Amino acid sequence: MARMKFLCDSERCISCNGCVTACKNENEVPWGINRRRVVTLSDGVPGEKSISVACMHCSDAPCMAVCPVDCFYHTDEGVVLHDKDMCIGCGYCFYACPFGAPQYPQMGTFGVRGKMDKCTFCAGGPEPDHSEEEFKKYGGNRLADGKLPLCAEMCSTKALLAGDGDIVAEIFRGRALNRGKGADLWGWGTAYGKEGVKPKSDKAKEGTS
Amino acid sequence: MKRILFLAALFASANAIAAEAPPASAQDQPPHNNVKLWQDVRSGQPQFTTVRGVETGVLIQSRGETWRELRNGPVTLYGGILLCVVLAAIAIFYKLRGAVKLKAPLTGRKMARFSYFERSVHWSMAGSFVILALSGLNMLFGKHLLLPLVGHEVFSWLAVLCKNLHNFVGPLFLFSIVVAFFLFVKDNIWRASDLHWIRTAGGLLSGSHVPAWRFNFGEKFWFWIGLVFVGLTISISGFVLDFANFAQGRSIMQTANIIHAVFALMFICMSLGHIYIGTIGMEGALDAMRTGYVDETWAREHHELWFEEQQRKTAARESGTAPASGEPAAQS
């Protein structure tokens, strides 16, 4: 089975924020939360580069390793999802994540954290596919329809690729060969390790196939 | 003609370039590689982004990995071992030494040891501590110990309860500590007799009698190291984590969490000793904090200098003169 990955080609990203908008529209994310964001480096000077970043769905996911209630799981396709019914809003995944993906709606009193929210790779959550509950908690489930995440699908320059890690890596390799530069895979070392292929602790739970 | 003009123009432009630009070096041209980009990505420094929020401009924050390794590794492992060792040590000590019994029979005469207010502060501190310790231990060890027993749903329900209790009871603990500090600090100041207590380890092992003032050195250690130093460290690091709405970054919260966990484990270990000696470890100790009164025999055998001081004060009050000062008179 395919191992789903995100890939952002920093040679192509023009920081249009189309992916950010697409994500919000598709998933109707809670107020104040941005599952995806575009960061521009060397802004306004020669060598300016932009990168779109969200949850990278890591192989050895730090969020999963530190969660005190063990509410994270890898789907069969390597997507990192979590169960909001179990989440206690402790903030540990947010401490551990290198990409700053986990975020919390601030729920009033002293800024107490609500249920954590992050990118789902447009794969919904543990509820039945396309159920109302699933949409309310996690947003759309495009993967169940055989579609890829909307952020990547909407990307005007095809800088942001999502899908089978082997295929997106192959596309990127071709690009790097053609242009003769920009061969670095941003964030892949951090997210997928040296092997970068298979999730380490693959433990699909009930109702999540 | 055209050709000459073109050459002249070319010559002029070449001159102009030579005049304006210093000799080309690697730094002047946009590099053909992305070294700068990768340095910026890994720097952990915020870059430009339109998304508002704390640290949204940071692409990779590497310290989270260190935090994970520390928390999931040594803090959990050695913290767990430490707790087990301390519990076992207390159990063995109780088995070998038994409770510290009173040698003389009870007199039936009671002495006031803790006022109602002092006891209230102590029990609010103790109560909040027990809630914080149990909910905190559940956050660290529950996943390994309790979750496999009760399952994800029940454990998550419990963990939500624990998290909210922990977050709301925490400030009460700090408040109690601060009040307790001002209440008890006077009697926890170093006295000459403490040196003797340290030399004989309070007579805990030998069973010999070591005179002490209102608080012996063991209690003073618990006061200064436990309550003041460790207690305040836990409270302050806990506040950093509890009030997440002050725009503090991940880095400070990662550090605070490790400090919080390490010091909390130390505090729990010390408190186990305190709870032991205050309950099953010593006859009559719990009465002092429960009722506020102790028997004169208990006072003489455990806090002899304080007992004598109180006796002198009572005698002075009864004879109508001013109470004696804290230090005993030379002839007594």
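The values are calculated or read from the model by the stated rules, or taken from the named source; none is laboratory data. All of these numbers come straight from a predicted model, not from anything done at the bench. Positions of Cβ are generated from backbone atoms using ideal geometry, with glycine treated the same way; all protein chains shown enter the neighbour counts.
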Exercise. So which of B:ASP194, B:ASP242 ends up being assigned by TED's automatic domain parsing to the domain that holds B:THR76, closer than 29 Å to A:CYS67 by Cβ and among the acidic types (Asp, Glu)?
Worked result: B:ASP242
For this session: Could you grab me the full set of residues in region B:300-315 that are of a type in the set (A, V, I, L, M) and within 38 Å of the chain's Cα centre (by Cα)?
Result: B:LEU305
For this session: Can you run down the residue pairs with Cβ atoms below 7 Å, 6 or more apart or on separate chains, where the first is in region B:43-54 and closer than 16 Å to B:ALA247 by Cα and the partner is surrounded by fewer than 16 Cβ atoms within 10 Å (Cβ to Cβ) and modelled with pLDDT under 85?
Result: B:VAL54/B:ALA247
For this session: Report yes if B:PHE173 is buried (at least 17 other Cβ atoms within 10 Å of the Cβ), touching a residue at least 40 places away in the same chain (Cβ under 8 Å) and within 19 Å of B:ARG214 (Cβ to Cβ), otherwise no.
Result: no
Problem set entry | Among (1) of a type in the set (A, V, I, L, M); (2) in a loop (DSSP other than H, G, I, E, B); (3) within 11 Å of chain B (Cβ to nearest Cβ); (4) closer than 30 Å to B:ASN257 by Cα - the single one A:VAL45 does not satisfy | (4)
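Here's the yes/no breakdown for (1) within 14 Å of another protein chain (Cβ to nearest Cβ); (2) touching an Asp or Glu at 6+ places or on another chain (Cβ under 6 Å); (3) polar (S, T, N, Q); (4) not in a loop (DSSP other than H, G, I, E, B):
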{"residue": "A:VAL69", "(1), (2), (3), (4)": "yes, no, no, no"}
{"residue": "A:GLU77", "(1), (2), (3), (4)": "no, no, no, no"}
{"residue": "A:ALA101", "(1), (2), (3), (4)": "yes, no, no, no"}
{"residue": "A:GLU127", "(1), (2), (3), (4)": "no, yes, no, no"}
{"residue": "A:CYS151", "(1), (2), (3), (4)": "yes, no, no, yes"}
{"residue": "A:LEU161", "(1), (2), (3), (4)": "no, no, no, yes"}
{"residue": "A:ILE167", "(1), (2), (3), (4)": "no, no, no, yes"}
Problem set entry | Within region A:68-112, tally of residues that are touching a Lys or Arg at 6+ places or on another chain (Cβ under 9 Å), at negative phi and of a type in the set (D, E, K, R) | 4
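Give B:VAL100, B:VAL121, B:VAL154 a once-over and let me know the one that is free of Cβ contacts under 8 Å to residues at least 24 places away in the same chain and either under 26 Å from the mean Cα position of the chain (by Cα) or assigned by TED's automatic domain parsing to the domain that holds B:TRP306 (or both).
Result: B:VAL154 is the single residue among B:VAL100, B:VAL121, B:VAL154 that is free of Cβ contacts under 8 Å to residues at least 24 places away in the same chain and either under 26 Å from the mean Cα position of the chain (by Cα) or assigned by TED's automatic domain parsing to the domain that holds B:TRP306 (or both).
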For this session: May I ask you to verify whether B:PHE141 is in the same structural domain as B:TRP298 (by TED's automatic domain parsing) and either touching a Pro at 6+ places or on another chain (Cβ under 8 Å) or in contact (Cβ under 8 Å) with a residue 24 or more places away in the chain (or both)?
Result: yes
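On the basis of being farther than 19 Å from B:VAL262 by Cα and surrounded by fewer than 16 Cβ atoms within 10 Å (Cβ to Cβ), does B:PHE168 make the cut? First the steps, then the outcome.
Details: farther than 19 Å from B:VAL262 by Cα: yes; surrounded by fewer than 16 Cβ atoms within 10 Å (Cβ to Cβ): yes.
Answer is yes for this residue.
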Problem set entry | Filtered residue count, region A:42-69, keeping only those that are without any contact (Cβ under 8 Å) to a residue 12 or more places away in the chain and in contact with a Leu (Cβ under 8 Å, 6 or more places away or on another chain) | 3
Exercise. In the same structural domain as B:ASN72 (by TED's automatic domain parsing), in a loop (DSSP other than H, G, I, E, B) and farther than 28 Å from B:LEU83 by Cβ - does that describe any residue in region B:248-256?
Worked result: yes
